[in-house]
Amino acid sequence: MIYLIAILVIGGLFVSLAILLLVAERYLVRYGPCAVGINEGSSVLKVQGGGTLLAALYENKVFIPSACGGKGSCGYCKVMVVAGGGPILPTETPFLNRVEMRSGMRLACQVKIKQDMEIRIPEDLLNVKQYQARVSLVRELTRDIKEVEFDLLDPEAIEQRPGQYVQIQAPGPEGPVFRAYSISSPMYEKRHVQLNVRLVPGGIASTYIHGLKAGDPVVLTGAYGEFRLSEDPDREIVCVGGGCGMAPMRNIIYSLYRRWPDRSCWLFFGCRSTRDVFYLEEYRQLAKQHPNFKIVYALSDPLGPGESWDGETGFIHLAVDKKLIPGINRQAFLCGPPPMIEAVIDVLKSKGLTDAAIFYDKF
Ligand SMILES: Cc1cc2nc3c(=O)[nH]c(=O)nc-3n(C[C@H](O)[C@H](O)[C@H](O)COP(=O)(O)OP(=O)(O)OC[C@H]3O[C@@H](n4cnc5c(N)ncnc54)[C@H](O)[C@@H]3O)c2cc1C
Ligand code: FES
C-alpha cells in the first residue's frame, strides 16, 4: 500500500511539473529572433522563435507537404534538421524509422524553433509555389464526389508530374487548414488544376470544396509528391484506384497517352455500386484510340435495386490478381483506402513487382 501511495505521489509530482513547464513555455518564454539556414547556406530565414518550423517555413513561402495541416497525424512534413532541432519528440517517433532518426529527419510541424537551426530540404520542394486561383467548373461525378476545376491566376501556370497533388487552403474554426488533393488534370494542362473531391461528413476542407461555385477565389500550393512515371516506353503502367482515388490515375493516363500513344497501361478501379462509377465512358472512348489501354472496373456490391452490371465484381485486388500475368516489366501507382492499398501491394508483389516499382497514396 505504501508503495502505491509513493508511486501516486511521485507520478503526480512529475505530471504537475510537466504541466508547469508547458504553461511556462507557452506564456512566459520568449525566444526572440532566430536564423533558419536552408541547404548549407543557400538561403537563411530570419524568423521569430517560439513557433513551429512548418509555420515559419510557410510564412517565408517555403511550402512543405502537410496533408493533415500540422496536426502531427500524416507524417508528410519531414525535413532534415542538421542542427538546433532539440531531441525527437514522442509525437514524431511513429512516423520516423531508425535510419531517418539517425539522419536527423524530423516532422516540421512538431519541431519548435528555439534557437538558430540548419535544415536540408529536397530541391524539388523549393520549387513548390502558392497559387491564387478561381473556381472555373464544378460537376457532380457521383453522389459524394465532385470534380472541381480551378483556373490559376497568380502564377498562371503550374509544373506538375502525373501522380502529384496540391494542398488546398480551407477556412477552419481556428484559422486556415490545409488538405492534400491529387491532381486529376493531365500535366500538359498547365493553366488549370482539376480535382476529384469526396465529401467527408463533417470534414472541414471537403465540405468547403463541395460548397464552392464558379468564380469563387481559392488558394492552393503545389505540386507535391514523389511519383515519377518511368521513361521506358516498354514498361507497362498499372494504375489501381479505389473510392475517391481516381484523380491521379486520370492524370497519369492522359499524360501517358499524350506522350506514348502505344504504351501499355491498365486501369483497375474499385468501387461499391454502379452509383459510384465515373469516367468509365470517357476511358472507353480513350481506349478506342489507344488499344493498349485496358480498363477494369470492379464493383464490390453491385446489386442494388434497379442496378445491372456485367463487369467484374468483388474487391479490386482480386481483379488485379485475375488479369495480370506475372513477370512483365511494370510500374504501378495505387491510390485509395489503406486496406485496399495493402491488398493490392501483396498481389503486385506476387506478380513480380518490387517495392521500388510500386508507388501509392493512402487516403
Ligand atoms: C496525398 C493525398 C492525396 C489526397 N487526394 C485526395 C483526392 O484526390 N480526393 C479526395 O477526396 N481526398 C483526397 N485526400 C484526402 C484529403 O486530403 C482529406 O483528408 C479529406 O478530404 C478529408 O479532409 P476534411 O478536411 O474534409 O476532413 P477533416 O476535417 O480532416 O476530418 C473530419 C473527420 O473525418 C475523418 N476523415 C478524414 N479523412 C477521411 C477520409 N478520407 N475518409 C473518412 N473519414 C475521414 C477524420 O478522422 C475526422 O474525424 C488526399 C490525401 C492525401 C494525403
Ligand atoms: S503536417 Fe501532418 S504530420 Fe506534420
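The values are calculated or read from the model by the stated rules, or taken from the named source; none is laboratory data. All of these numbers come straight from a predicted model, not from anything done at the bench. Neighbour counts run over all protein chains shown; Cβ positions are idealised from the backbone, glycine included. The area values use the complete protein model at the heavy-atom level, side chains included, leaving out ligands, DNA and RNA. Shrake-Rupley method; radii C 1.70, N 1.55, O 1.52, S 1.80 Å.
Relative contact order for the range 111-161: what is it in percent, counting Cα pairs under 8 Å that are at least 6 residues apart?
Worked out over the range 111-161, it gives 29 percent.
Quick one: with all protein chains in place, what share of the accessible area of the chain is carbon or sulfur, to the nearest percent (1.4 Å probe)?
57
Towards the positive end of the charge dipole of the chain, with charges on Cβ (+1 Lys, Arg; -1 Asp, Glu), say which of Pro248, Ser43, Asn127 has the farthest Cα.
Farthest towards the positive end: Ser43.
Set Lys and Arg Cβ to +1 and Asp and Glu Cβ to -1, take the dipole of the chain about its Cα centre, and tell me which of Ala214, Gln115, Leu89 lies farthest positive.
Going by the Cα projections, it comes out as Gln115.
I'd like the accessible area for Met105, computed on protein heavy atoms only with a 1.4 Å probe and all protein chains in place. Round to 10 Å², please.
40
Taking θ = phi - 60°, what integer Hz values does the Karplus form 6.51 cos²θ - 1.76 cosθ + 1.60 yield along the range 156-168, in sequence order, with x for Gly and Pro?
Each residue's phi maps through the Karplus curve to give 8, 9, 10, 9, 9, 9, x, x, 7, 9, 10, 10, 9 Hz.
Using heavy-atom solvent-accessible surface (probe 1.4 Å) with all chains present, what is the largest-first order of Val177, Val99?
Val99, Val177
Using r as the Cβ-Cβ distance of Asp234 and Tyr188, and R0 as 25 Å, what FRET efficiency do you calculate, to the nearest 0.05?
0.65
Using Cα positions and a limit of under 16 Å, work out the lysines in reach of Lys112, with same-chain residues fewer than 8 apart set aside.
Filter leaves Lys46, Lys71, Lys78.
Would you please classify the overall shape of the range 236-362 from the alpha carbon gyration tensor, given that a ≥ b ≥ c denote the square roots of the eigenvalues, rounded means a/c under 1.5, and beyond that prolate means a/b larger than b/c while oblate covers the rest?
Because a/c hits 1.5 or more and a/b fails to exceed b/c, the range 236-362 counts as oblate.
At 7 Å along Cα-to-Cβ for each site, give me the label-to-label distance between Gln132 and Val219 in nm.
With each label placed 7 Å out from Cα toward Cβ, I get 1.1 nm.
Averaging sequence separations of C-alpha pairs under 8 Å and six or more residues apart, then dividing by the length of the chain, give the relative contact order as a whole percent.
12
I need the phi-derived Karplus couplings for the range 67-76: 6.51 cos²θ - 1.76 cosθ + 1.60, θ = phi - 60°, integer Hz, Gly and Pro marked x.
Result, ordered by residue: 4, 9, x, x, 7, x, 10, 9, x, 7 Hz.
Multiply the residue gap between Arg272 and Leu89 by 0.36 nm, knock off their C-alpha separation, and tell me the result in nm, one decimal place.
61.8 nm
Between Val44 and Ile325, how many nm apart are label points set 7 Å from Cα along the C-beta direction?
My value for the distance between the label points is 6.3 nm.
Please list 121-134, 196-209, 55-68 highest first by mean number of surrounding beta-carbon atoms within 10 Å per residue.
Put in order of decreasing packing, that is 55-68, 196-209, 121-134.
Evaluate the relative contact order of the range 89-234 (contact order divided by residue number), counting alpha-carbon pairs under 8 angstrom at least 6 apart; express in whole percent.
27
Pull up the DSSP beta bridges for the chain and report the antiparallel fraction as a percent, rounded to 5.
If I count the DSSP bridges inside the chain, around 60 percent turn out antiparallel.
Please calculate the 1.4 Å probe accessible area of Tyr254, with all protein chains present, and give it to the nearest 10 Å².
Accessible area, nearest 10 Å²: 40 Å².
I need the phi-derived Karplus couplings for the range 231-240: 6.51 cos²θ - 1.76 cosθ + 1.60, θ = phi - 60°, integer Hz, Gly and Pro marked x.
Result, ordered by residue: 7, 7, x, 8, 8, 6, 9, 10, 9, 10 Hz.
May I ask you to give the solvent-accessible area per residue for the chain, in square angstrom, as obtained with a 1.4 angstrom probe?
Heavy-atom accessible area per residue stands at 51 Å².
Please give the length that would be gained between Gln115 and Glu174 if that part of the chain were fully extended, namely 0.36 nm times their separation in residues minus their C-alpha to C-alpha distance (nm, one decimal).
18.5 nm
Could you give the distance between the Cα centres of the range 92-122 and the range 184-261, to the whole Å?
When both Cα centres are located, 29 Å separates them.
Between Lys288 and Asp355, what is the spin-label point distance in nm, taking each point 7 Å from the Cα along the Cα→C-beta axis?
So the two model labels end up 4.5 nm from each other.
Top to bottom by accessible area (1.4 Å), largest first, where do Cys244, Cys239 land?
Cys244, Cys239
If you rank Arg272, Arg102, Arg330 by how much accessible surface each has, with a 1.4 Å probe, what is the order from largest down?
Arg102, Arg272, Arg330
Estimate the FRET efficiency between Val99 and Asp301 by the formula 1/(1 + (r/R0)^6), using the beta-carbon distance for r and 51 Å for R0, to the nearest 0.05.
With R0 = 51 Å, the Cβ-Cβ based efficiency is 0.75.
List the DSSP H helices in the chain whose Cα atoms stretch 24 Å or more along the helix axis and whose mean Kyte-Doolittle hydropathy is at least 0.5.
2-27
So how much slack lies between Leu280 and Glu226, counting 0.36 nm per residue of separation and subtracting their Cα-Cα distance, in nm?
16.7 nm
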